[in-house]
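What follows is one structure encoded as C-alpha cells, with my remarks underneath.
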Amino acid sequence: MLRKSSDIVRYCYQRAAECRERALRANDSALKDTMVVAEDSWITLAHSYELTETLSNFGAELRRYLRSVSHMPACPQCGRPMRMVTTTPAASFINAQQARFDCICGYSECRLIDDKN
C-alpha cells in the first residue's frame, strides 16, 4: 500500500500518463474523451495530494514557530518579553536552532531552541 504522499503523487501522475497514452492510441472518439477526462482527474488528484503535503509542511513549521514564540524569554534588564528576530541552524546540535532575541530596551541575547516536532 502507498503510504508517503510523494509516492501517491507519483502514482497519480503515472496513471495520468497512462490515460494520455490510451487517449492518443484510441480510435474511438468516446474512448478518447473518456481517457482525457480520466487523465484530468488523475492530475487533479495529484495536485490535491501535493497541496495537502505543502499544507502539512507549513503546519509543522508553524507549530515549531509557535512553540518558540510561546517560550519568549523575559528581558533580564527590564522584564519585558523579548522578540525573536533571527534563527539559524545550530552548528553543534541536531534538531536545534540558534535564535537571537531583542528587547525594546536595547538588550539582545542568543539562545538555543529545540527544533523537534
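None of the figures in this text is laboratory data; all of them are computed from the coordinates on show. None of the values given here were measured: they were computed from a predicted structure. Methodologically, a virtual Cβ is constructed for each residue, glycine included, from the backbone with ideal geometry; neighbour enumeration extends over all protein chains shown.
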**Study point:** For region 73-117, the fraction of alpha-carbon pairs in successive 10 Å shells from zero, as %
**Key:** 32, 43, 23, 2
Practice item. Give me the angle, in degrees from 0 to 90, between the Cα long axis of helix 5-25 and the longest principal axis of the Cα atoms of the chain, rounded to the nearest 10. Key: 20
**Study point:** Cα-Cα separations in region 1-70 greater than 18 Å, expressed as whole percent
**Key:** 54
Exercise for review: Neighbouring Cβ atoms within 10 Å as the yardstick, rank V36, V9, V85 fewest first.
Suggested key: V85, V36, V9
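If you count, for each residue, the other Cβ atoms within 10 Å and average over each peptide, how do 24-35, 41-52 line up from highest to lowest? Walk me through the intermediate numbers first.
Details: 24-35: 11.7, 41-52: 15.0.
Those peptides, ordered most packed to least, come out 41-52, 24-35.
Could you tell me what a quarter of the Cα convex hull surface of the chain works out to, in nm² with one decimal place?
Values: hull surface 44.5 nm².
Averaged projected hull area, Cα only: 11.1 nm².
Using per-residue counts of other Cβ atoms within 10 Å, averaged over each peptide, order 95-104, 56-65 from highest down.
Numbers: 95-104: 16.2, 56-65: 11.6.
So the order, starting with the most tightly packed, is 95-104, 56-65.
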Review point. Any idea what angle helix 29-70 forms with the longest principal axis of the chain, computed on alpha-carbon atoms, 0 to 90 degrees, nearest 10?
Key: 10
